[in-house]
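Everything on this sheet refers to the single structure shown next.
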Amino acid sequence: MDDSKARLRATAIGFSAVLMWATLALFTALSGKVPPFQLLAMCFSVATVIACIFWLARGQNPLTYMRQPAPVWLLGVGGLFGYHFFYFLALRNAPAVEAGLIAYLWPLLIVLFSALLPGERLRWFHIAGAVLGLGGAALLVTRGETLELDTRYSLGYLAACVCALTWSSYSVLSRRFGAVPTEAVGGFCAVAAVLGALCHLAFEQTVWPEGTLEWASVLLLGLGPVGGAFFTWDYGVKRGDIQALGASSYAAPLLSTLLLILVGLAPFTFVVAAACLLIVGGAVLASKDMIFKPKTVPVTIAEDPT
């Protein structure tokens with residue numbers, strides 16, 4: 001497989017994480033009243049168990065992937081757990097609309113920060129595509145209404161900014177640790193599960209899922225948006241087109257909204273349609289080089305008649 005095809009394949013694998021994140025709102029709603037940190041600990045535990053089963057099924061020693069340098073552990077655990085910690089902190093200290101939109105600056109930041117990576121070149125259409133996606137996400141989050149920031153919620157806004165910086169930094173810096181195997185994410189999930197459990201014990205009351213549907217939703221969260229997605233995202237940002245992945249990540253809130261509409265939990269409105277155009281258009285624009293890559297025409301050199 002040549003480099004361009006391998007890059008396209010890795011980008012597609014990375015985008016599968018965006019598809020999984022689109023199910024986050026639905027499965028979270030179906031998981032009942034489980035507190036956030038408890039739910040986080042349960043989902044990361046599921047992801048850890050699945051990773052261990054995968055390693056053992058392939059005859060691999062899990063400890064092989066645990067032997068990573070301290071900076072790798074700091075980046076992996078800080079990215080996975082840190083993002084969720086600051087996101088929950090933001091939601092507790094600011095209105096959900098404003099906090100959610102600020103936190104969702106991370107795709108745009110990934111596109112901008114990618115310019116610092118070796119071999120990457122930031123072009124105008126990468127930035128324009130990410131900005132269009134942000135505009136579409138803003139429409140979805142605010143439902144087309146005016147966004148007002150209140151200084152009383154400064155702590156929440158700050159936490160949302162740190163949240164966005166955490167995930168964008170994790171995604172871009174993962175590229176610098178490209179030699180670290182994606183399987184190591186299983187170890188990061190294990191530590192994140194422990195930290196989530198500790199935060200749950202410190203700040204929350206335990207509420208277990210009730211019934212088959214709620215337990216199944218927790219399992220699906222661990223297999224997908226709060227588990228499996230981190231493995232495919234890691235592979236994508238390390239080997240794929242990170243700028244296209246960053247811009248296309250705005251598809252997650254759009255697909256999430258469309259999924260809620262499909263199951264009857266949200267209405268389809270003009271705002272959703274406009275957001276769809278902005279996000280899809282932005283993703284296509286940011287991926288222009290990859291989608292519309294010009295074909296090279298072989299040049300034939302005429303033989304010397306003499």
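Of all positions in region 107-126, none carries a residue that is among the small types (Gly, Ala, Ser) and touching a Phe, Trp or Tyr at 6+ places or on another chain (Cβ under 8 Å). Between ALA57, ALA47, ALA96, the distinction of being farther than 18 Å from LEU173 by Cβ and in contact (Cβ under 8 Å) with a residue 60 or more places away in the chain belongs to ALA47 only. If only residues of region 100-136 that are in a loop (DSSP other than H, G, I, E, B) and surrounded by fewer than 21 Cβ atoms within 10 Å (Cβ to Cβ) are counted, the one that is nearest to the chain's Cα centre (by Cα) is LEU105. Within region 145-155, one or more residues are modelled with pLDDT of 85 or more, over 16 Å from the mean Cα position of the chain (by Cα) and farther than 26 Å from TYR235 by Cβ. Checking each residue in region 221-261 for being modelled with pLDDT under 85 and surrounded by fewer than 22 Cβ atoms within 10 Å (Cβ to Cβ) picks out LEU255, SER256, LEU258, LEU259, LEU260, ILE261.
Can you tell me which residue in region 58-99 is surrounded by the fewest Cβ atoms within 10 Å (Cβ to Cβ), limited to those that are outside any helix (DSSP H, G or I) and of a type in the set (D, E, K, R)?
Result: ARG58.
The C-beta contact set for region 202-213 (first residue part of a helix (DSSP H, G or I), second residue of a type in the set (A, V, I, L, M, F, W, C), distance under 8 angstrom, 6+ apart or interchain) comprises PHE203/PHE37; LEU213/LEU30.
The values are calculated or read from the model by the stated rules, or taken from the named source; none is laboratory data. Because the structure is a prediction, the values reported are computed rather than measured. Virtual Cβ from ideal backbone geometry, glycine too; neighbours counted across all protein chains shown.
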